[in-house]
Amino acid sequence: MLTSDDALRRVEEAGTAGRLSKASVAAIRRWLNEPPFAAYRDDLLHAIESASWADLDDAFYEVLPFGTGGRRGKMYPVGTNVLNKRTIGESARGLADYVNARLGPDAPKSCVIARDTRHNSPEFSDLCARVLAAAGFKVFVFEDPRSTPLLSFAVRYLKCDAGIMITASHNAPSDNGFKCYAATGGQVVPPDDTGIIACVEAASEVAIPEITIAEGRARGRIITVGPEVDDAYLAAVVSAAVGVERNLSIVYTPMHGVGESSVAAALRRARFAKVNVLESQRAPDGDFPNVPGHVSNPEIPKTLDAAIAEARASSADLVIASDPDADRIGVGIPVSADPKGPWTTLDGNQIGAVLTAFIVEKMSAAGLLRPEHYIVTTLVSSTMARAIAHRYGVRAEDDLLVGFKWIAVRIDEAGPAGFLFAFEESHGYLKGTHVRDKDAAVAALLFADLAADLKKRGKTVNGYLDELYLEYGDFGERLINKVLTGREGAAQIQKLMAAFRNNPPKTLDGLTLTKVDDYQKHESRSLQGGATTALPKPSGDLLIFHAEAPGVRFAVRPSGTEPKMKLYLFARTETQGKTLADLPAIKAETDRRLDQMTADLHAFMDAALATN
């Protein structure tokens, strides 16, 4: 193996040749020379000897930040911009130091840790427990994989000061993450997140103390979470149900994740007796071997293909899928009343719309709706939910940035007693106040409630959605993910955001763009030479462009958890005075508009990236 001196020489040469950035060279030099990184030196020397410059540059060119869901990224044995034992240890120590500074070093402190089925999740979970125990915490750990919403519940139930979830949600098998929770059970938000980041940065300069699991247990600092937490969580989920019909056959897939312990368990506890767990995607497996593309993302329709095939063969009524950490769902439904016929999937906004409508309809019929009730959603989710809520006299809190952590904050700000339902377009949903995060078990139960209720009335979910379109207008949405990886990709993302902010497109599908809401500069700017007005909170790198036609707009932002740009497209076609017979032509017009908007935006981005 290389000596440290030889390795340093090769690193400097790679930097001179442009194979490594200056930042990467500096960071690698530290990892080769400084004592806190001694345990990782052999892995680093091996990567240098193999001339893995692209991997090393991606691993070291920056420090992996906290985003909308915490710290998430590719796993690699060494580096500051990836997930490995060192960066996980720094994250745990940074959290511990922040809580210690806030509560006082002598105050009792506790944290609960859960993990999903991903590669290295057990090792990362144990490491966090050892680091926190060494920092004086009482640490509660789940021995087996559990869902993210259960972790949120456990923080509240066990009255912990913090929580850690080891997961990368729906990312590829190469990824993992460190998701940090506050005492509320919600993900950390300012100023806590920036405070933790500062402590993590400080921890990156020093050795990370830890004790063994055995020592932690012997000293009463590491405690296994008992089954009473699972039981209390499932009871809370079932209490969120709004329907009573249970004659429904469901095919459910956990997509090799943790969902059987939460989603399937909740459905059965709620007396849905016909829940068939898809065998081919049942086994927990971080490679997600039987999911197309090995990406267990219920937003992607083809990930439900195997479950839908099973549902058609068995004449089931509904398909439900959850992502690996079981906080989001996807659904498949028959197009007609015949489960042997064609099936379709719903997008995240459609699921949110039908669940919003079903909940407020049921509560209104029962005389339970009150003026203080409200729903919560985000600035990049469908405004159809707002129209439904207003029809029933319910308030819509829909001025939030992307990320369920902002929904959790709003629930506490607006008052949990009035909270009805929350969703975001990326297939996350919540009813109830037992957690402060999206919950696939709750969402699955609510959708099963809806499907069973409609079946009892001789209706279908597809038909119910069409009825909503006729009543409120044909709302259509589209998501563009522009993936741009590595150091070059990060620069391209910045370039695209600058282009949209400083020299945006003038038209879209032939429609004039009239104004842009800039949540970073806190201003709403006319694109036609008019006035600029102040824009209140929230604050984030988000732009929303409005067109001259009502309901036509698009939003653009850099992802907080993945190397991509995300563009959210919205269109609406009026349906007032129309009938079900008119709906196919109306939907075709909405789809045509979204198709052209998509093409126009791709062309704009390609041109922007091509400029010097």
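Assorted remarks:
- Between Arg391 and Ala588, the modelled label-to-label distance comes to 2.5 nm, taking each label 7 Å out from Cα in the direction of the beta carbon.
- Beta bridge orientation in the chain: antiparallel %, DSSP, nearest 5: 65 percent
- Convex hull of region 131-210 built on C-alpha atoms - directionally averaged projected area, nm²: 6.3 nm²
- Note on region 261-279 and region 1-24: Cα centroid distance 54 Å, given to the nearest whole angstrom.
- Our analysis of region 280-378 gives Rg over Rh at 1.06, with the two radii drawn from alpha carbon positions and Rh computed by the Kirkwood formula.
- With the biggest extent put first, the Cα atoms of the chain measure 78, 60, 47 Å across the principal axes.
- Listed residues Val275, Val82, Pro324: farthest to the positive end of the dipole of the chain (Cβ charges): Val275
- Grouping the Cα pair distances of region 336-401 into 5 Å bins from zero gives a pair-distance distribution of 3, 17, 24, 20, 14, 10, 8, 4, 1 percent in increasing distance order.
- Modelled FRET efficiency - R0 56 Å, Asp287 with Thr579, Cβ distances, 0.05 increments: 0.70
- P(r), alpha carbons of region 469-547 - 5 Å bins starting at zero, rounded %: 3, 12, 17, 20, 19, 15, 9, 3, 1, 0
- 5 Å binning of all Cα-Cα separations within region 46-150, expressed as whole percents from 0 upward: 2, 11, 19, 20, 19, 13, 8, 4, 2, 0
- Applying a DSSP loop filter and a limit of 10 other Cβ atoms within 10 Å to the trypsin sites (Lys or Arg not before Pro) in region 1-90 leaves nothing.
- With Rh defined as the Kirkwood radius, the inverse of the mean 1/r over Cα pairs, the Rg/Rh of region 387-527 is 1.03.
- Residue order for Val206, Val556, Val238 - accessible surface, 1.4 angstrom probe, largest first: Val206, Val238, Val556
- Charge dipole (the chain, unit charges on Cβ, about Cα centre) - positive-most of Val206, Pro191, Val354: Val354
- Restriction of the chymotrypsin sites (Phe, Trp or Tyr not before Pro) in region 391-480 to DSSP coil positions whose beta-carbon has at most 12 other beta-carbons within 10 angstrom yields no sites.
- A Cβ-based charge dipole, computed about the Cα centre of the chain with Lys and Arg at +1 and Asp and Glu at -1, lands at about 860 debye.
- Computed label-point distance, nm, for sites Lys159 and Arg501 using a 7 Å Cα→Cβ extension: 4.5 nm
- Estimated translational D of region 201-301 in µm²/s (Stokes, Kirkwood radius over Cα pairs; 4 °C; 1.567 mPa s): 75 µm²/s
- Candidate lysines - alpha carbon under 29 Å from Lys274, same-chain residues fewer than 8 apart omitted: Lys302, Lys340, Lys362, Lys431, Lys438, Lys455, Lys456, Lys459
- Those residues of region 344-373 whose amide nitrogen sits under 20 Å from the label point placed on Val244, 7 Å along Cα→Cβ: 358-369
- The per residue volume of the convex hull around the alpha-carbon atoms of region 469-612 is 129 Å³.
- Charge dipole of region 375-435 (Cα centre as origin; +1 on each Lys and Arg Cβ, -1 on each Asp and Glu Cβ, all else neutral): 180 debye, rounded to the nearest 20.
- Residue list for region 372-412, given a label point 7 angstrom along the Cα-to-Cβ vector of Thr533 and an amide N cut-off under 17 Å: 399
The values are calculated or read from the model by the stated rules, or taken from the named source; none is laboratory data. None of the values given here were measured: they were computed from a predicted structure. Here the Cβ is made from the backbone with ideal geometry for all residues, glycine too, and neighbour counts use every protein chain on show. These area figures cover heavy atoms from the full protein model, side chains too; ligands, DNA and RNA do not enter into them. Shrake-Rupley method; radii C 1.70, N 1.55, O 1.52, S 1.80 Å.
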